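The values are calculated or read from the model by the stated rules, or taken from the named source; none is laboratory data. Predicted model, so just to flag it, every value in this text is computed and none were measured. Reconstructed Cβ throughout: ideal geometry from the backbone, glycine too, with neighbour counts over all protein chains shown.
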Amino acid sequence: MALNRLIRMGIVGGGSDAFIGKVHRMAAQLDSKIRLVAGALSIDPKIAVQSGKDLFLDPKRVYLTYKEMVAAEKALPAEERIDFVAVVTPDDTHVEIATAFLNIGVSVVCEKPVSVKHKDALALRETVKKTGLAFAIMHGYTGYPLVRHARALVRNGGIGKIYKIIAEYPQDWILPRGDAPLHLAGWRMDPKFGTSLSMGDIGIHAAQLVRFVTGLDIETLSADLRTYTPGGRRDDDGNVLVRYKGGAHGVIYASQVSAGEENGLTIRIYGSKGGIEWHQENPNQLIVKTQGEPSKILTRAQPYLDASIPARNTRMPTGHPEGLIEAFANIYLDFADDVAAIAEGGKVSKTHLYPDIEDAVFGKTFVDTAIESNKSKEKWTKFPKV
Ligand SMILES: NC(=O)c1ccc[n+]([C@@H]2O[C@H](COP(=O)([O-])OP(=O)(O)OC[C@H]3O[C@@H](n4cnc5c(N)ncnc54)[C@H](O)[C@@H]3O)[C@@H](O)[C@H]2O)c1
C-alpha cells in the first residue's frame, strides 16, 4: 500500500557552501514524494541559517549542529519527525552522524565513502541491522536507466560468460588552474581522509559500478597508486588489476590528474558473446557489441529496454537528455519505497536496487585493500570477506 503522505526528509550538510548536497536536495524532491523539512545545513552557523531561509524551511527546524537536530527531532511527535536524513558532509563525519539518526529511528541516505576507518563501516552495519531501518549509500550512477539495463543484460547472460571488465574514472581537477580557487580541493587534500584520493573519492564509484552491473565478487587485486601533485599528501592516480571470482579479470583506473578529462566514468565489459560500454558523460546511451556485427546504440525510454526497469526511472521522452539529478532521483525513489514500508510497520525490501550498507562496506574494503596492495611487495592481495 502506498504511503498516503509526503516522506519527510532531513539533511546534514548540503547548504549553500556544499557541492553534492544540493544534488541530493533536488533529486530527492524531484518526484514529489519527498519533502525537505529540516536540516543542519552547514558547519558554518551563518551559512546554515541563511541556507535554511533560502530553502523556506521552518526556522525551528533549521539547526546549527547535527546533535541539536537529533535531539530536537527525537522530541517531536512521530507524525512530524523526519522519516530519513541525507548525510552529505565530508567522509570523516558520516558514521557518527548516521549512527545518531539511526538510533532515534530515522533511516539514512549517506554519501560515500561511508567512513575513513574500516572498523567504523562495520560498526555502522551492525547499527543498520540492529535498527532494521533503511540505509542507502549514494552511488548515483547506479540509478541511470541504461546502467540498469546493462545490469539486466549482463546478469541474464546477454554477453555470455564475462571475461574482462574495464572501469575507469579519470578527472583532471587537481591539476593547477592558475589562480582560480577550486572548491573541490578543500578537505579532499587532507590525508586524515585516508591515503588514497584516487580510489577513495572516485575509484570507489567505478568498483561499485562493476559490482552493480555484474554481481561479481573480487577475489584478489593488485594496486599501483601514485601522487603526481607536487606536495600532494594523498595519491591522485591509480591502476588496480582485479581478478574476480568465477574467472573474469580487469582493471579499475581512477585519476584526478588525467589532463582534459572532466568526469569520465566509463565501464566496458566483454564476455564470450558480446560486450557493453557505457559513459557517464553520455549516460542516455548504452553501446552493445557483438562479434562480427555492427554495434548497437541503445537509448533511454525505449520499449526494447529490459522490462525490469520501472517506467518511473525515466521522466522525459527519449531524445530529451536526463542526467545525474534524475539518476540520484531514481535511487531516492527506491529508497522511498523502503522508508514508506517502514512507516507503515513493514520492513526494508530484500530486492531493492539502491546500494545499501553491504555496498558501503564493500566500497570501503575495496579502497583499503587497494591501499594495502599498493604498500605491499607481493602486490596481489586477497580481497577479504567482510
Ligand atoms: N556520490 C557522489 O557522486 C559524490 C559526489 C561528490 C561528493 N560526494 C561525497 O559527498 C560528501 C560531501 O562532499 P562535497 O563535495 O559535497 O563536500 P563540500 O565540502 O562541498 O560540502 C560539505 C557540506 O557539509 C557541511 N558540513 C561539514 N561538516 C559538517 C557537520 N559536522 N555538520 C553539518 N554540516 C557539515 C559543509 O558546511 C558543506 O555544506 C563527501 O563524502 C564526498 O565524498 C559524493
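Key figures
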{"item": "Top-ranked residue of the stretch 68-103 - restricted to ones that are near the ligand (Cβ under 9 Å from one of its atoms), charged (D, E, K, R) and farther than 22 Å from G132 by Cα, ranked as surrounded by the most Cβ atoms within 10 Å (Cβ to Cβ)", "result": "D91"}
{"item": "Check on S198, within 16 Å of the ligand (Cβ to nearest atom), among the small types (G, A, S) and part of a loop (DSSP other than H, G, I, E, B)", "result": "no"}
{"item": "Residue identified as over 17 Å from the mean Cα position of the chain (by Cα) and more than 20 Å from A343 (Cβ to Cβ) among D31, D83, D120", "result": "D120"}
{"item": "Among the candidates Y163, Y169, residue that is hydroxyl-bearing (S, T, Y), away from the ligand (no atom under 16 Å from the Cβ) and either farther than 30 Å from A343 by Cα or not assigned by TED's automatic domain parsing to the domain that holds R312 (or both)", "result": "Y163"}
{"item": "Residue check, K164 loosely packed, with under 15 Cβ neighbours inside 10 Å and either in contact with a strand residue (DSSP E or B) (Cβ under 6 Å, 6 or more places away or on another chain) or within 24 Å of Y354 (Cα to Cα) (or both)", "result": "yes"}
{"item": "Residue match in the stretch 187-205 (condition: under 21 Å from the mean Cα position of the chain (by Cα), hydroxyl-bearing (S, T, Y) and not assigned by TED's automatic domain parsing to the domain that holds N282)", "result": "no"}
{"item": "I137 vs. criteria surrounded by fewer than 24 Cβ atoms within 10 Å (Cβ to Cβ), within 15 Å of the ligand (Cβ to nearest atom) and not small (G, A, S)", "result": "no"}
{"item": "Candidates R268, R300, R315, filtered to the one that is of a type in the set (K, R) and under 20 Å from the mean Cα position of the chain (by Cα)", "result": "R268"}
{"item": "Residues of the stretch 4-26 classified as in a loop (DSSP other than H, G, I, E, B) and farther than 12 Å from D83 by Cα, total", "result": "8"}
{"item": "Search result, residues across the stretch 271-315 that are out of contact with any strand residue (DSSP E or B) (no Cβ under 9 Å at 6 or more places or on another chain) and either acidic (D, E) or not assigned by TED's automatic domain parsing to the domain that holds G247 (or both)", "result": "D306"}
{"item": "Top-ranked residue of the stretch 1-60 - restricted to ones that are polar (S, T, N, Q) and surrounded by 23 or more Cβ atoms within 10 Å (Cβ to Cβ), ranked as nearest to the ligand (Cβ to nearest atom)", "result": "S42"}
